[in-house]
Structures are given as C-alpha cells and as structure tokens.
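Visitor: Here it is: the structure, laid out below.
Where a number appears in this text, it was derived from the coordinates with a stated rule and is not lab data. All figures in this text were calculated on a predicted structure; none of them were measured in a lab. A quick note on method: Cβ atoms are made from the backbone with ideal geometry, for glycine too, and the neighbour counts reach across all protein chains shown.
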Amino acid sequence: MTADAPEDSPLLPAADYGNPDPSPDWMGIDWRQHLHRVELPGAAVNYAEIGEGEPVIFLHGLAGCWRNWLENLPHFGRRHRAIALDLPGFGDSPMPDWDISMPAYGRMIHDFCEELGIERVAAVVGSSMGGFVATEAVTERPERFERLVLVSAAGISLAEAKGRRFEAAARTIKAAAPFLAGDRDVWLNRPLGRRLAFGRVAREPEKLRPELLAEQVRPGLDSDGLVDAVASMVGYDTRQRLTEIEIPTLIVWGLSDRIVPVEAALGYHRLIPRSRLEIFERTGHVPQLERPRRFNSLLDEFLEEEPAEIGDRDDATVA
C-alpha cells in the first residue's frame, strides 16, 4: 500500500479479487459423489470429501455450510484429503441431541476424526465461528493436529460482548433467510443486489460470481442452529487458553472485515506463540472466497513448511 493511497483507493490493484476463471473447478464437479453422512454420538454430520493424502479439515462460520469452501476444496483435493463439514445444526446436518456450544463442537470434531479413522490432521482450517471451533478442538487434544489456520475467526471479539443484542441480531438474520433464499434472481443477478445482500460479508460482492453466492445462502442461513450458536459464542472467553496452543498457526484476515474487525487478528497473533499473521487488503470477512488464488497459495505454502521451521510470532504481513 502506498502512503498516499487509502485502502479503498481505486489505484490499488484488485485483479485477484474473486475467481476470473469462466469455468471454476468447483462448477465442473458433481458434488453429489463427494457428499457423505456419518453418525456420531448425538449428531449426524453431513460432509464433503475430495482427494487423497494427509487430511485437511475445513470448518465453516456462522450461517455457513461446507459450500463456504467451494473455491478451495478442489485445489487442496489434488494433494490432500480435503474435508469440509456442515456443523450440526447447519447446512444439511440436523440439530444434535446435545446443546450447541463451542466446547461441544470441539468434541464433535474429535468424534468425527475417530469415526473416519483420522489419527493425525495436517491442518484444521476454521472460518469465523469455525475458527472458534477449531481452537476448541486444538486446545482439547493438540496431539491430533499439526497446524491450525484461523480465517477471520470469531472468539476474541465476542469474549466481553453482551448476549441479548447478538441473539436478537441472529433472530433477525434467521427471519430474513426465507426472503433471501426465495427470490434470488432479484438480488443475485444484479451487482447492486449482491452488494445489498452481501455488502457486510464481502468487500466487493458485486465482483463475485452469482452462482458462488447462491451456494452460500441455502442451506447456510436457513439453519436451525443459528440462534443457539450465537448465544453460545457471546461472552465465552478462551483468551487464556489460546496461549497454550503450541502448534504452528496461520491467521488470515481481511483488512475490510466488517463482521470481525482486524483488531481481533492482532489479538490472536499476540496470544498464540507460534503464529503468523497475513492481512489481505481490500478484503472482507471471507478471504477464501474473495481472494481464493492468494488464499490457496498461502495455505499451500503453510502446509509445505516443516513445523519445526515455523518460528515464534512471525511478523504480520499486509498484502
């Protein structure tokens, strides 16, 4: 970034925003062949799996689903066993028998790994609420994971928040979901409509494919677990436990994130000893969808590094 060009300046390069490929990999895949369901203690979990090799597990955020990783799964499936879950109560995973909470979701990740015969995970990658879940799983049984990746992770920003306001917001989102999912043509196929619908989530949603955005809405927003998940996050403080995370950690954030401000990224970087912070300019809350090529390349690099070579508290990078 130049000294005389603000972050929202049109002079800044934006060519790598979205996926310019007219035929993205994910659109050429029959995902029905990669969808599975597993029965776990108190929960049935829907998940997508593609590729072979060391497993990499992807966890979506609030009001999300496994489709939040459509731009990433085909890429990592070339060299890894790439797995993306619908957390119980979201997507096509029904509500669990147990009460939704971040610790319960963390335990569920271990149940999931045991059921699939996964002893060691190359990386667990969590976006927003999924980052919260990932830290729960890692702090409970760190020996299972080689690396942790936090993408616009919730947690720190909600530790001291008051619950009622956030619960009310979640109820409002859920009430609006049928309208968003219903008349898609009105808002998905027009740039202004995409900005109105996704302007708080993505930095420049009008530049993202309508087909990709459509996959994020249903069945993500219309999920039974939305309100319970929000209530479980607000005020739940894990900051002291973050200092116990010893595995290499990559923290990825959008400088223009309006859901979880970039200050939270600095908090994670300060608390997790072996962390590396990468901040994407002109990017909102979903770097993996907004700048998939940069995100995939960065995660490739992180996965290829030997854990012993990753130092303590690498300097933050803004790119």
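Visitor: Counting only other residues whose beta carbon sits under 15 Å from that of Asp97, what net charge do I get with K and R as +1, D and E as -1?
Guide: In short, -4.
Visitor: Also, I was wondering about something else. Please compute the net charge surrounding His60, taking Lys and Arg as +1 and Asp and Glu as -1 over other residues with Cβ under 11 Å from its Cβ. Each step should come with its number before you reach the end.
Guide: Details: positive: Arg67; negative: Asp86.
Cβ neighbours under 11 Å give a net charge of 0.
Visitor: Using the reciprocal of the averaged 1/r over all distinct C-alpha pairs, how large is the Kirkwood radius of the stretch 85-144 in Å?
Guide: Kirkwood hydrodynamic radius for the stretch 85-144: 11.8 Å.
Visitor: By the scheme Lys and Arg +1, Asp and Glu -1, what is the net charge of all other residues having a beta-carbon under 11 Å from that of Val45?
Guide: -4
Visitor: Shifting gears a bit: Using the Cα gyration tensor of the stretch 193-288, with a ≥ b ≥ c the square roots of its eigenvalues, what is the shape: rounded (a/c below 1.5), prolate (a/b larger than b/c) or oblate (neither)?
Guide: Here the stretch 193-288 falls in the oblate category.
Visitor: I've got another one for you. Take the alpha carbon atoms of the stretch 238-290, find their radius of gyration, then divide it by 2.2 N^0.38 Å using N residues; give the quotient.
Guide: The reported ratio for this selection is 1.15.
Visitor: Taking 0.36 nm per intervening residue step and subtracting the Cα-Cα distance, what contour gain separates Arg293 from Ala44 on full extension?
Guide: Numbers: separation 249, 0.36 × 249 = 89.64 nm, distance 3.25 nm.
Here the segment from Arg293 to Ala44 would lengthen by 86.4 nm.
Visitor: Next question, about the same structure. Under a plain spin-label model, where a point goes 7 Å from the Cα along Cα-to-Cβ, how far apart in nm are Arg120 and Trp31?
Guide: 3.1
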